[in-house]
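See below for the structure under consideration.
The values are calculated or read from the model by the stated rules, or taken from the named source; none is laboratory data. Quick caveat: nothing in here was measured; it's all calculated off a predicted structure. Please note: Cβ atoms are built from the backbone with ideal geometry, for glycine as well, and neighbour counts cover all protein chains shown. What goes into the accessible areas is simple: the full protein's heavy atoms, side chains included, and nothing from ligands, DNA or RNA. Shrake-Rupley method; radii C 1.70, N 1.55, O 1.52, S 1.80 Å.
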Amino acid sequence: MERVGVVLLLVASLQGLLAVHVEVFPAESVVSVGQNVSMLCRVSVPIQYCRIVVPGLEAPLNLNPVRGPTPPSNAVYLGDGLEKGHCGVSIPSVEDKYNGVFKCTVGVATEAHESEGAMVVVVARAPKVPPVMELTRPRDPQDSYQEGERFLATCEVPEGRPAANITWFIGDDPVTEDLARPEIFENRKDNLFSIRQNLTREVRWSDNGKELRCVASHPIIGMDPARTTARKRINVKFAPKPAPGDLEQFGFIEGEEGLIAVRIKANPKPSFLWTVGRENIDEGSLDTTGHFEVGFAEPKGYGEWETKLHIRPVTKDDVEREYRVQATNTIGQQDYVVRISTSSQPRAMAEMGAGAIVGIVIAVLLVLLIIFIVVFARATGRWCFAAGGGRGKSSQTSSVAHIDPEGHSEKAKHAGVGGTENPSINHNVSSEYINGNDIKKEIKEDTPV
């Protein structure tokens, strides 16, 4: 009996393996209520019938090219005919209840069992928008984060079909780091999906004044920021930021009024103290001679401030001075050094950034290093500049490119010792000459009889 059971199991398995393969186009479809949805099932042999099961409909649809629209869905047959092995359906106006798996079943004359195919149909439903964002409060009672402090932000977009996507921004910059994997929760009753994602971020001073935004995207909610975006403004307290070096300003004219303007990033607003020579000048004040005046600092946004020193008028001594600015707020203090010049700012340097200038300097140093190595190698006879062949006299001459210490290239004629030419310079040298055969031949000819 056990053997019979095994045989029957094998026969059933073989029948399943030998069933006609059904191709389904497309495998998945996302549509909105009221749109058309179509599915085509195809086999390689003629079929006897075509049966379609649609979620939300009480009975399967028996479709063929002859029969017209079938109520209540007004579904019609789709394909080139049963004899072509096509079993398809087209529904002109989708309803929400059609969300789910569409199934096609075909019967083939040579098969004892029916063959089936399936397509997933997602009838989209807009999630509840705008998204819901929660942000941990800063330690500071004034709702400002300290530079380096961490916060946790959570964004949720509930009950959509399919689940919405979440994208984070800080200002206009996308946030791609410190994001947790999105969590998706399903409401099985209505087949709706909620998505939630956490962002853990260490606050940077450059975040100050910017908006943290959580943006939801979904096939049917559009791009209106009022509907798709949750936002919270980030305030960050930080000490005045240092400059990369001494500050230089150009274009001053002796005998005319001059203005030194310095921009500094800090939050909260710092106080500024200018030092000219041995005298300190506060904001809104003049020095004892009335020659220098410091204006009140002006906000430039996102924690940037501009402080100005007026010089009336600029003298030769003023150009040779060193000006100091001290910025102080409740977080810290920073000093800056400013120098001025009557010359115009070098145009090339003004257009190039610091990185480009450093790159040029490095490139020049590399070129000088290569020139030194080549000259040193030639002088010591190292590497490919070493003498080749015999050391006797030879009438054979060669033209060799030289690089002198000043970087100039010239041609020099060489004969006798080391008269072989570097093959990497003259690519027309024969193989006999490269291996030294001609040198030996010339030495033999110059030997007295």
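Here are the numbers for this structure:
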read-out	value
Search result, residues across region 60-112 that are modelled with pLDDT of 95 or more and of a type in the set (Gly, Ala, Ser)	75, 79, 81, 85, 88, 90, 93, 100, 107
Matching residues in region 80-115 - criterion: being of a type outside the set (Ser, Thr, Tyr), closer than 15 Å to residue 55 by Cβ and either open to solvent by 60 Å² or more (accessible area, probe 1.4 Å) or not in a loop (DSSP other than H, G, I, E, B) (or both)	89, 91, 95, 96, 97, 100, 101, 102, 103, 104
Region 133-146, residues that are open to solvent by 80 Å² or more (accessible area, probe 1.4 Å) and modelled with pLDDT of 95 or more	134
Pick from region 62-115, criterion over 50 Å from the mean Cα position of the chain (by Cα) and of a type in the set (A, V, I, L, M, F, W, C), ranking: nearest to residue 160 (Cα to Cα)	63
Only listed residue being among the charged types (D, E, K, R), part of a strand (DSSP E or B) and in contact with a Ser or Thr (Cβ under 6 Å, 6 or more places away or on another chain), chosen from 213, 231	213
Out of 313, 299, sole residue that is at pLDDT 95 or above, open to solvent by 40 Å² or more (accessible area, probe 1.4 Å), part of a loop (DSSP other than H, G, I, E, B) and not aromatic (Phe, Trp, Tyr)	313
Unique match (being within 30 Å of residue 139 (Cα to Cα), over 27 Å from the mean Cα position of the chain (by Cα) and either β-branched (Val, Ile, Thr) or part of a loop (DSSP other than H, G, I, E, B) (or both)) among 264, 260	264
Tally, over region 54-68, of residues that are surrounded by 14 or more Cβ atoms within 10 Å (Cβ to Cβ), free of Cβ contacts under 8 Å to residues at least 60 places away in the same chain and more than 19 Å from residue 85 (Cβ to Cβ)	3
Test: residue 169 is at pLDDT 95 or above, of a type in the set (Phe, Trp, Tyr), buried (at least 18 other Cβ atoms within 10 Å of the Cβ) and more than 30 Å from residue 34 (Cα to Cα)	no
Within region 316-347, considering residues that are assigned to a loop (DSSP other than H, G, I, E, B) and of a type outside the set (Ser, Thr, Tyr), the one farthest from the chain's Cα centre (by Cα)	321
Within region 255-279, tally of residues that are farther than 20 Å from residue 299 by Cα, modelled with pLDDT of 95 or more and either open to solvent by 80 Å² or more (accessible area, probe 1.4 Å) or touching a strand residue (DSSP E or B) at 6+ places or on another chain (Cβ under 7 Å) (or both)	5
Options 233, 150; residue that is at pLDDT 95 or above, open to solvent by 50 Å² or more (accessible area, probe 1.4 Å) and closer than 27 Å to residue 300 by Cβ	233
